[in-house]
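So the structure is just underneath, and the comments pick up after that.
The values are calculated or read from the model by the stated rules, or taken from the named source; none is laboratory data. Because the structure is predicted, anything quoted here is derived from the model rather than measured. We place every Cβ from the backbone using ideal geometry, glycine too, and count neighbours over all the protein chains shown.
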Amino acid sequence: MGDFFTRDNWYTRFMEKLFDLCLLNMVFVLTCIPVITIGASITALYSVLMKMTENKDSQHIRSYFRAFKANFAYGTKQFFFPILILFLMVFDIGYWASLRSEISPAGYIATSAMIMLWCCWMMWLCPLSVVFDNTVKATMVNAGKLALSFLPFTFLISAASLGVFILFLANPLLMPLLMLGVFAIIAYGQCLYVRYALKKYMRTHPEIYDIQVIKND
């Protein structure tokens, strides 16, 4: 019982981690406001989160802005196409929802399925972009390959993440929590799995070293 009141216990570590994720989330949302900085913000967020999964860094906010500045051009280039695709699919969802036609349900379902596939792809693309040095095209291709290699878990984790996000987005009472921590918490959970899966994959597929170079931060 006495250990509960000490600094080094599971509850204290959990609350500290939660506080760090909430703080990161708020910084992430703020740096995404100019829209053109979304790619750099994603790169900075995942750079910090992947380090957090291995407890490599304690100065998370400083590391975030350092990664944001250092990878601004790379992040913008890496995520311009994926973010553009997302905006187009969201617009498409709105179009099908407002169109009163017999084909509206089919179009709505098809676009929703594409958004689900996009989420599965992004679950791997975001961590890979900060873990490995590679070209934009190669990173996108490798993210797709890994998503397929771990498809059952990729789909389940992405579906759960998307469901939680939609729940908070659809409820006005819960929407403020998107600002407070939902993005970073979901991304951190995905990073934990991706880190585990990558280590397992590289043990059984050593050829990955031939197409990617591990970053040394």
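Among all residues of the stretch 162-182, there is at least one that is over 21 Å from residue 51 (Cα atoms), surrounded by 15 or more Cβ atoms within 10 Å (Cβ to Cβ), of a type in the set (Phe, Trp, Tyr) and modelled with pLDDT under 95.
Here the stretch 111-135 is the region considered, the condition is being in contact (Cβ under 8 Å) with a residue 40 or more places away in the chain and surrounded by fewer than 15 Cβ atoms within 10 Å (Cβ to Cβ), and the residue that is farthest from residue 25 (Cα to Cα) is 133.
One line per residue, one yes/no per condition, for (1) part of a helix (DSSP H, G or I); (2) modelled with pLDDT of 95 or more; (3) surrounded by 12 or more Cβ atoms within 10 Å (Cβ to Cβ):
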| position | (1), (2), (3) |
| --- | --- |
| 74 | yes, no, yes |
| 90 | yes, no, yes |
| 95 | yes, no, yes |
| 102 | no, no, no |
| 109 | yes, no, no |
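Residue by residue, here is whether (1) within 25 Å of residue 123 (Cβ to Cβ); (2) at pLDDT below 90; (3) within 15 Å of the chain's Cα centre (by Cα) holds:
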{"site": "10", "(1), (2), (3)": "no, yes, no"}
{"site": "38", "(1), (2), (3)": "yes, no, yes"}
{"site": "41", "(1), (2), (3)": "yes, no, yes"}
{"site": "46", "(1), (2), (3)": "yes, no, yes"}
{"site": "62", "(1), (2), (3)": "no, no, no"}
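Being without any contact (Cβ under 8 Å) to a residue 40 or more places away in the chain and more than 23 Å from residue 14 (Cβ to Cβ), is that true of even one residue in the stretch 52-63? No, because not a single residue in the stretch 52-63 is without any contact (Cβ under 8 Å) to a residue 40 or more places away in the chain and more than 23 Å from residue 14 (Cβ to Cβ). Checking the structure you have, find out if any residue of the stretch 58-71 is touching a Cys at 6+ places or on another chain (Cβ under 6 Å), in a helix (DSSP H, G or I), polar (S, T, N, Q) and surrounded by 14 or more Cβ atoms within 10 Å (Cβ to Cβ). Checked against the condition, which is being touching a Cys at 6+ places or on another chain (Cβ under 6 Å), in a helix (DSSP H, G or I), polar (S, T, N, Q) and surrounded by 14 or more Cβ atoms within 10 Å (Cβ to Cβ), the stretch 58-71 yields no hits at all. Within the stretch 154-178, the set of residues being over 15 Å from the mean Cα position of the chain (by Cα) and not aliphatic (A, V, I, L, M) comprises 168, 171, 172, 176.
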